[in-house]
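The values are calculated or read from the model by the stated rules, or taken from the named source; none is laboratory data. Just so it is clear, the model here is predicted, and its values are computed rather than measured. Backbone-built Cβ (ideal geometry, glycine too); neighbour counts: all protein chains shown. Just the protein is used for accessible areas: all its heavy atoms, side chains included, with ligands, DNA and RNA removed. Shrake-Rupley method; radii C 1.70, N 1.55, O 1.52, S 1.80 Å.
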Amino acid sequence: MSLRGPDLPGERFAAARAALDGVETLEVYGRVVAIRGLLVEVAGPLAAMRLGGRLDVVVEARGGPAGEVPCEIIGFSGPHALAMPFGSLQGVRRGCPARVRGEGAGTIRPGPGWLGRVVDALGRPIDGLGPLPPGPRPYPLQADPPPAHARQRVGAPLDLGVRCLNTFLTMCRGQRMGIFAGSGVGKSVLLSMLARYTAADVAVIGLVGERGREVQEFLQDDLGPEGLARSVVVVATSDEPALMRRNAAYVTLALAEHFRDAGAQVLCMIDSITRFAMAQRDIGLAAGEPPTAKGYTPTVFGELPRLLERAGPGTGEGAISGLFTVLVEGDDHNEPVADAVRGILDGHIVMERAIAERGRYPAVNVLRSVSRTMPRACDPAALPWVRRARRVLATYADMEELIRLGAYRPGASAEVDEAIALMPDLEAFLGQGKEEATSIADGYQRLAAILGEA
């Protein structure tokens with residue numbers, strides 16, 4: 001019998017691996033010492049805890065197996081760590097053990113097999129289709145944006161399939177646009193059109209703070225099987241804790257970054273950034289931050305650019321084209337979140353209630369909307385038509401009240417007469433059915449026919 005160990009390198013590695021697998025890992029625990037609202041105070045080895053780290057509070061259920069409530073550390077106070085839960089605190093009591101999780105807690109491992117799936121704000125499948133196949137490497141949820149000096153420039157015009165956006169607010173690959181609208185103006189329908197018709201390889205859609213009843217409607221009716229097949233949908237409904245609603249936005253961007261790094265053209269949509277900001281406000285107030293404008297805490301305005309700057313061109317061939325909705329409270333487009341987001345993004349699409357009330361959808365006010373890549377993104381041959389159409393729309397908007405009251409006398413102004421003659425066709429051009437898609441080239445041709453330039 002030989003006492004020598006294995007000679008081959010493969011055998012030596014296997015033996016070492018087996019020995020390491022037999023070593024018991026060390027688990028670090030703290031203890032719950034107080035609960036204040038949604039804030040959990042944990043005493044324990046602070047050296048093993050870090051800001052943004054994860055804890056699992058063990059709930060000892062009566063007559064059943066113990067459960068765990070995942071929490072995130074959001075601050076420190078004296079000898080205690082301050083944490084907020086990702087789930088309900090029902091059953092948590094003083095003295096419950098809190099297990100400190102390791103380094104991989106704030107990451108996900110996406111892969112191609114995630115396409116067509118629906119996940120929650122922790123990257124767990126919620127569509128009943130089984131476990132998700134892990135990808136090759138982990139992606140941090142709170143990653144830094146790519147370095148500004150290493151990023152590519154925005155690419156060629158991106159076909160969104162929506163006439164008024166393609167023609168008057170042309171968007172480029174890697175551009176980030178905001179959709180500003182009040183409640184009930186039709187932004188969810190516009191998002192569904194963009195998800196189905198945009199010429200992108202992959203769509204990553206984050207539903208942040210969405211109504212629970214509308215999730216299945218969006219997946220089955222608005223997005224449809226074809227749209228879902230090339231998409232990953234992240235869902236955190238309005239009844240979920242603030243950490244889940246905030247984390248849904250981070251997971252959405254992490255997924256988009258994975259597909260971008262694979263060289264894909266990614267369409268990333270989040271509905272809505274306002275609910276992300278509200279969730280961050282709740283977290284900041286619980287941690288003791290001072291409220292500022294409309295109760296928003298300073299970290300809200302620090303996290304918004306960190307989140308939104310992650311979209312855009314990458315350092316390689318892939319790019320993330322971002323469309324983010326902003327729910328303007330009381331139709332006030334100058335409220336703090338809307339004002340901050342408008343200064344970060346590369347353009348804004350304004351949807352107005354008055355336009356929706358007269359039955360034109362999508363209810364986009366072209367004159368109040370801006371794409372910061374225009375006019376460079378527009379076809380040079382079509383740019384004169386776009387400018388002329390904008391002038392017609394502006395002229396009619398200036399004289400609209402007089403025209404409706406019958407106070408304008410035909411023949412008084414050639415420009416106003418032209419606007420009155422062209423406005424019905426332009427209104428029909430700006431409107432579009434939910435099941436209708438129009439390419440950039442088709443939009444230009446139709447506009448030229450209306451203006452008599454064809």
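Descriptive notes on the structure:
- Largest first and in whole Å, the equivalent-ellipsoid semi-axes of the range 107-371 read 24, 22, 20, each the square root of five times a Cα gyration tensor eigenvalue.
- Per residue value of the accessible surface for the range 248-290 (all protein chains in place, 1.4 Å probe), Å²: 21
- The three principal axes of the Cα atoms in the chain give end-to-end lengths of 106, 56, 42 Å, sorted in falling order.
- Protein accessible area in the range 382-453, 1.4 Å probe - carbon and sulfur %: 52
- Surface per residue (accessible, 1.4 Å probe) for the range 28-100, Å²: 48
- Label-to-label distance for Ala156 and Asp239 is 4.7 nm, based on points extended 7 Å past Cα in the beta-carbon direction.
- Label-point separation, Ala397 to Leu367 (7 Å along Cα→Cβ), nm: 0.5
- Largest accessible area first, the residues Asp56, Asp221, Asp379 order themselves as Asp221, Asp379, Asp56 under a 1.4 Å probe with ligands, DNA and RNA left out.
- The phi-based Karplus calculation (6.51 cos²θ - 1.76 cosθ + 1.60; θ = phi - 60°) puts the 3J(HN,Hα) values of the range 320-328 at 10, 8, x, 10, 10, 8, 10, 8, 7 Hz, whole numbers, x for Gly and Pro.
- The 3J(HN,Hα) values that the Karplus relation (6.51, -1.76, 1.60; θ = phi - 60°) gives for the range 202-216 are, in residue order, 9, 10, 10, 10, x, 9, 9, x, 6, 5, x, 5, 8, 5, 5 Hz. Gly and Pro appear as x.
- Cα gyration tensor of the range 255-378 - equivalent ellipsoid semi-axes, whole Å, descending: 25, 24, 12
- Cα shape, the range 174-317, gyration tensor, a/c 1.5 rule: oblate
- Calculated log₁₀ intensity ratio I(q)/I(0) where the Debye formula runs over C-alpha points of the range 382-453, q = 0.18, 0.24 Å⁻¹: -0.74, -1.09
- Only DSSP H runs of four or more residues enter the estimate; each adds -39500 (n - 2.57), and after division by the residues of the chain the mean residue ellipticity at 222 nm equals -10500 deg cm²/dmol.
- Overall, the anisotropy analysis places the range 225-264 in the oblate class: the square-rooted eigenvalues a ≥ b ≥ c of its C-alpha gyration tensor yield a/c not less than 1.5, with a/b not exceeding b/c.
- By a 1.4 Å probe calculation restricted to protein chains, Glu289 has an accessible surface near 40 Å², given to the nearest 10.
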